[in-house]
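Presented below is the structure to which this report refers.
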Amino acid sequence: MNEGLNAGMVSMVAAGIGLLAATGLYIQVARKGVGNDRMKDIGEAIHLGAMTYLREQYIRIALFVMLVGVLLSFQYDMRMSGAFVFGAVSSAMAGFVGMKAATKANVRTTAAALNSNIAGALNVAFGGGAVMGLAVAAFGLLGLGLLFFLVGRPEDVQIIWGFSMGASSIAFFARVGGGIFTKAADVGADLVGKVEAGIPEDDPRNPGVIADNVGDNVGDVAGMGADIFESYVGGMVATMTIAATMSADDLIAMYGGELPSRLMEMASWFDIPVTAAGGVLVAQIMLMALPLLLSVAGLIASMCGIFGLRFFHKLGPEKALSSADMSTAAIFVVLTILVLAVFGYGWGILFAIIAGNIAGVLIGRVTSYYTGSKPVMKVAAASKTGAATNVITGIAVGFQSCSIPLLLIATATLVAYQSAGLYGIAISAVGMLATAGMTMTIDASGPISDNAGGIAEMAGLPENVRAVTDELDSIGNTTAATGKGFAIGSAALTALALFVAFKQAVQLHSSDLVTMEITDPRVVVGAFLGAIVVVLAASMTMNSVGKAAIEMVNEIRRQFREIPGLLQGVADPDTARCVAISTNAALREMVAPGLMAVTAPVIVGFFIGPEALGGMLMGSLIVGVVLALFMANAGGAWDNAKKFIERGEIAGERKGSDAHAAAVIGDTVGDPFKDTSGPAMNILVKLLSIVSLIIVPFIT
């Protein structure tokens, strides 16, 4: 009987319940009213643009998936290829479902703001985001649960690597492509519309507005969902790999010299035969099952938080979301303690999980401070003396914001290692990501609210409607910034866990001792090569946004110049042309960074060796996390500095002033920082790690 039987089945049942809940929420959102004909037309245009882009992107990614699947079948077998394709399809399905829900929820959020109060609008936006959140968690659990059911043994763990690589491949293309799409449209619409033409944001006369709203969905919903899905899956796969490749001495040492008797007793729940000589194998399989059990607990906690939001409505939107989030975390901790106590895993693992959770929460809080508090005021005030001082101050804030999150990641890593060894590092990442269902729900509701505000502006709705959507958008900006911090922190711990898994897999497959010491020149060379890959990827993605934005700027200028009556509001812009420019640019420009990320570890591993590849992973991790934090926080600070001026929080300055124009330029610089290049770093370091793990048997 398969040792992974019960753990896999529990995961699949939980995933099925999660998908049913997501379906119910989708139906609930779809039944809401869409408002007047103008609102319906705008909503349909955004929906059509987003789904068209996603279809075109998936067609191109499918070619890559088929090619890599065939190559994997030559090197491994069809099980590995099947797992890879399954991982890619699962990630794509989560993105498709989330995008569908988000583009249905945006116009319905606007209609709710028109016909009811802010609580009604929040319910619709939150419901749309919850479909994405539950889809990410459920598809991840369903895929890994099925694979664990089929191949839940230590010697077969490499089959599960394929699922993670499939998820990583989709995530990188989705994040980079979506980021290029949304920022090309956003930069073009802002520079020509706000700065040159002097018209408001989301003005229906601006040809780039629909593309900008489409971009919010493809970048911040589908892209972010793929990012979190990849970390969610990668953390579990890394944990399973470390458990499967631990030596008997390391495993027993993790438990202080003796395997817990309760762990051995409860192995029968997983249909694992316990023999006198098989204690280590039993412990390995139980430790491989733990990340699935924790993720099931996280999904249950997320559903409790999502459906319990209605109990916090009287607190106001921001406090309601925060209370639902905190309730989810509390329920997860209780369920985690219950799982560890019942199965006898030991309390060291609990400390590692809590370390990861606390680090994730604190990184989010630090991100919120640097993108929404005093540092932003400094950037806004610097705008009084021009765009140059705005940009300089924003860069300074971005660099300063890296220090505390890096310290938190280092502290969590040390605590997790001291509590449960190398396994503790990986399980801390799982603990941070287990409630991804709720985290992604809150994050995805932000772009929906942003779209709702844009639809209200384009449809010419009363000011009171825009006031509701603006408040939700403001909350969404905070949750989005916090979500980016969480994504970076989870990516760092996941990549570190994958690095540990890589090192153990190398040692397992090698007949010689592989130390990967920092004094080894091959390791140092690898670290520099890893840094090169990261900075090249940052350069390529920034350059891609720049080239696409130039096309967008020229097109919007052309339309203002050549369409009679457009600026006077008596003619309609050609929005489809702008959507096409962003779509083509995104699909064209996402290819080169993706190919580099996949081929770089293969070249280093085969031509220099596993030591250099280990160095590459560590170099890319350190440089990638620093760049991700810097770009995300600097971009968030520039964005909110502009909003501070627009809200009149800087004395003597307002929308349309010279300081505002300077802040718009700073925000434009920050757009590809926070929504394209920065997020790409998260996925890059994980993709490098999982590709390295896949090729271990062939480079040792």
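The values are calculated or read from the model by the stated rules, or taken from the named source; none is laboratory data. Fair warning: this is a prediction, and the values are worked out from it, not measured in the lab. When we count neighbours, we look across all protein chains shown, and the Cβ atoms used for this are built from the backbone with ideal geometry, even at glycine. Heads up: the accessible areas ignore ligands, DNA and RNA and are worked out on the full protein's heavy atoms, side chains in. Shrake-Rupley method; radii C 1.70, N 1.55, O 1.52, S 1.80 Å.
List of remarks:
- Whole-number accessible area per residue in Å² for the stretch 36-100, which is evaluated in the context of all protein chains at 1.4 Å: 48 Å²
- Over the stretch 279-363, the hull volume per residue, using the convex hull of the C-alpha atoms, is 89 Å³.
- The chain, helix-only ellipticity at 222 nm - DSSP H runs n ≥ 4, -39,500 (n - 2.57), divided by all residues, nearest 500: -28500 deg cm²/dmol
- Packing around the peptides 598-604, 235-241, taken as the average count of other Cβ atoms within 10 Å per residue, puts them in this order, highest first: 235-241, 598-604.
- The charge dipole of the stretch 522-651, taken about the Cα centre with unit charges on the Cβ atoms of Lys, Arg (+1) and Asp, Glu (-1), comes to about 140 debye, rounded to the nearest 20.
- Over the stretch 200-268, all Cα pairs binned in 10 Å intervals from 0 give whole-percent P(r) values of 16, 23, 18, 14, 12, 9, 8, 0, listed from short to long.
- Measure of compaction for the stretch 374-528 (Cα Rg per 2.2 N^0.38 Å): 1.48
- Projecting the alpha carbon convex hull of the stretch 374-438 along each direction and taking the average yields 6.2 nm².
- Using the alpha carbons alone, the radius of gyration of the stretch 301-449 stands to its Kirkwood radius in an Rg to Rh ratio of 1.07.
- Radius, Kirkwood style, for the stretch 643-700 when every pair of distinct Cα atoms is counted (Å): 14.6 Å
- If the convex hull is drawn through the Cα atoms of the stretch 583-655, its volume per residue in Å³: 104 Å³
- Computed over the stretch 338-392, the P(r) curve from all C-alpha pair distances, binned at 10 Å from the origin, holds 20, 25, 19, 15, 11, 8, 1 percent per bin.
- Computed magnitude of the charge dipole of the stretch 366-490 (debye, nearest 20; Cβ of K, R +1, Cβ of D, E -1): 500 debye
- Hull shadow area, averaged, the chain [alpha-carbon convex hull, nm²]: 27.7 nm²
- Cα point-scatterer Debye curve for the stretch 76-119, base-10 log of I(q)/I(0) at q = 0.15, 0.17, 0.22, 0.32 Å⁻¹: -0.55, -0.61, -0.75, -0.98
- Magnitude of the charge dipole for the chain, about its Cα centre and with charges confined to Cβ atoms of Lys, Arg (+1) and Asp, Glu (-1), is about 640 debye.
- Among 498-504, 194-200, 223-229, 407-413, the peptide with the highest mean count of other Cβ atoms within 10 Å heads the list, and the full ranking is 223-229, 498-504, 407-413, 194-200.
- Distance histogram for the stretch 440-557 (every C-alpha pair counted, 10 angstrom bins, percent rounded to whole numbers): 11, 19, 26, 20, 13, 8, 3, 0
- Stokes-Einstein translational diffusion, the stretch 15-74 - Kirkwood Rh over all Cα pairs, 0.692 mPa s, 37 °C, in µm²/s: 220 µm²/s
- Spread over its residues, the convex hull of the C-alpha atoms of the stretch 513-583 is 107 Å³ per residue.
- Accessible area of the chain belonging to carbon and sulfur atoms, whole % at 1.4 Å probe: 64 percent
- Ordering 47-58, 643-654 by mean Cβ neighbour count within 10 Å, with the highest value first, yields 47-58, 643-654.
- Relative contact order, percent, the chain [alpha-carbon distance under 8 Å, six or more residues apart]: 22 percent
- Computed over the stretch 555-625, Kirkwood Rh from alpha-carbon pairs, angstrom: 16.1 Å
- The stretch 187-339 - percent relative contact order, Cα under 8 Å, separation 6 or more: 16 percent
- In the context of the full set of protein chains, residues of the stretch 388-473 present 32 Å² of accessible surface per residue (probe radius 1.4 Å, heavy atoms only).
- Overall shape of the stretch 212-347 was characterised from the C-alpha gyration tensor. The equivalent ellipsoid obtained from it has semi-axes of 37, 20, 11 Å, in decreasing order.
- Mean shadow area of the stretch 1-157, taken as a quarter of the surface of its Cα convex hull (nm²): 10.7 nm²
- Kirkwood hydrodynamic radius over Cα pairs of the stretch 501-647, then Stokes diffusion coefficient at 37 °C and 0.692 mPa s, in µm²/s: 173 µm²/s
- Calculated diffusion of the stretch 152-269, Stokes-Einstein form, Kirkwood radius summed over Cα pairs, 10 °C and 1.306 mPa s, µm²/s: 88 µm²/s
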